[in-house]
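Colleague: Take this structure, written in structure tokens, and hold onto it; I'll ask about it next.
The values are calculated or read from the model by the stated rules, or taken from the named source; none is laboratory data. Quantities reported herein were computed from a predicted structural model and do not represent experimental measurements. Here Cβ is always computed from backbone atoms with ideal geometry, including for glycine, and neighbour counts include all displayed protein chains.
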Amino acid sequence: MKVRLVHILTEPDTKREVESISSLSPLQFFGIEYIQQVNQRYTGDAWKLVPALSHGEGTQHGPGHYGAFQSFKKAIENNFTEDLDGLIICECDCVLTCSPYDFLSKVYSALEFSKKKDLCYLSLGSRFVGGVLQSPENETDDDFPEFYITDKIILAHCIILPKQYREIILNNLDNYSWDSPDIWFNESFWRSGISRFGIIRDRLARQHEGISLIDDIWKDSQ
């Protein structure tokens, strides 16, 4: 399988991004193409001009959410080439909770699971936020006990986009407005009539604690 990982960075000299790079960059020696995408922190007002996809549904938005979405959009449009079996996108605070070898093995399993069950994307991060389950278990497969199918994913610090949904994802980027990345994936797929996502039971990656670039709030590891 050919897999590419795009590591979205903003302040690569800060502690949490240094540790994220230290954790993820060794994957390039285990069969995954590793690319760093360093962005300037977004501070403009364009986010005010077009309502977010979940606008009016109680979600608070700001320039950080818009900047995060634009970073994901750039990562996908510049790197999700036709020759890939899967594109992994990791945020700047992503840290593995397993060895690179084990991570690679689970990535391959995740892509096989997504193909068998026709899944549009998967998360290798936590199913929980603040100790509360965010992804209901809708379907399982005995051949892939480490994963299950859900219709909602919260947190996008370590996700996989499989090749079979490449065109739909690219079309959604053209046809749907912006949002916080995890909300955007949920909303854009739901509005496309798709609600089959995959998630791992025991996370392979966590978010490093620190000040979030999205909303400037300290967040514990998830």
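Colleague: All but one of (1) of a type in the set (Gly, Ala, Ser); (2) closer than 19 Å to Ser126 by Cα; (3) in a loop (DSSP other than H, G, I, E, B) hold for Ser105; state the number of the condition that does not hold.
Modeller: Only one criterion is unmet by Ser105, namely (3).
Colleague: Looking at (1) in a helix (DSSP H, G or I); (2) surrounded by fewer than 21 Cβ atoms within 10 Å (Cβ to Cβ); (3) of a type outside the set (S, T, N, Q), find the lone condition where Asp83 falls short.
Modeller: (1)
Colleague: Could you figure out which of (1) more than 12 Å from the chain's Cα centre (by Cα); (2) modelled with pLDDT of 95 or more; (3) surrounded by fewer than 23 Cβ atoms within 10 Å (Cβ to Cβ); (4) under 30 Å from Ser177 (Cβ atoms) isn't true of Ser114?
Modeller: Ser114 satisfies every listed condition except (3).
Colleague: Next up: Please determine, by comparing only the residues of region 178-222 that are among the hydroxyl-bearing types (Ser, Thr, Tyr) and at pLDDT below 95, which one is nearest to Lys73 (Cα to Cα). So that I can check it myself, show each step before the final result.
Modeller: Step one: list which residues in region 178-222 are among the hydroxyl-bearing types (Ser, Thr, Tyr), which gives 180, 188, 192, 195, 212, 221.
The next check asks that each one be at pLDDT below 95; those that pass are 180, 212, 221.
Numbers: Ser180: 11, Ser212: 19, Ser221: 25 Å.
Across region 178-222, the extreme among qualifying residues is Ser180.
Colleague: Still on this structure, I have one more. Which condition from (1) β-branched (Val, Ile, Thr); (2) more than 30 Å from Phe29 (Cβ to Cβ); (3) in a loop (DSSP other than H, G, I, E, B) is the one that Ile149 breaks?
Modeller: Result: Ile149 passes all but (3).
Colleague: How many residues are of a type outside the set (A, V, I, L, M, F, W, C), without any contact (Cβ under 8 Å) to a residue 24 or more places away in the chain and surrounded by 14 or more Cβ atoms within 10 Å (Cβ to Cβ) if we restrict to region 15-46?
Modeller: Here the count works out to 1.
Colleague: Let me ask something else about it. Would you call Tyr148 under 16 Å from the mean Cα position of the chain (by Cα), hydroxyl-bearing (Ser, Thr, Tyr) and either surrounded by 15 or more Cβ atoms within 10 Å (Cβ to Cβ) or on the phi > 0 side of the Ramachandran plot (or both)?
Modeller: Working: under 16 Å from the mean Cα position of the chain (by Cα): no; hydroxyl-bearing (Ser, Thr, Tyr): yes; either surrounded by 15 or more Cβ atoms within 10 Å (Cβ to Cβ) or on the phi > 0 side of the Ramachandran plot (or both): yes.
No.
Colleague: Residues being part of a loop (DSSP other than H, G, I, E, B) and over 17 Å from Ser123 (Cβ atoms): count how many of those fall in region 152-183. Break it down stepwise before answering.
Modeller: Step one: filter region 152-183 for residues part of a loop (DSSP other than H, G, I, E, B), giving 152-157, 176-180.
Narrowing the set further to residues that are over 17 Å from Ser123 (Cβ atoms) leaves 176-178.
Final tally of qualifying residues: 3.
Colleague: Mind checking whether some residue in region 121-132 is surrounded by 15 or more Cβ atoms within 10 Å (Cβ to Cβ), of a type in the set (A, V, I, L, M) and at pLDDT 95 or above?
Modeller: yes
Colleague: Scan region 1-18 and tell me whether some residue there is within 21 Å of Val107 (Cα to Cα), modelled with pLDDT under 95 and not hydroxyl-bearing (Ser, Thr, Tyr). Break it down into steps so the answer makes sense when it comes.
Modeller: Of all residues in region 1-18, those within 21 Å of Val107 (Cα to Cα) come to 1-8.
Then drop every residue that is not modelled with pLDDT under 95, which leaves 1.
Then keep just the ones that are not hydroxyl-bearing (Ser, Thr, Tyr); that gives 1.
Looking for residues that are within 21 Å of Val107 (Cα to Cα), modelled with pLDDT under 95 and not hydroxyl-bearing (Ser, Thr, Tyr), one finds at least one in region 1-18, hence yes.
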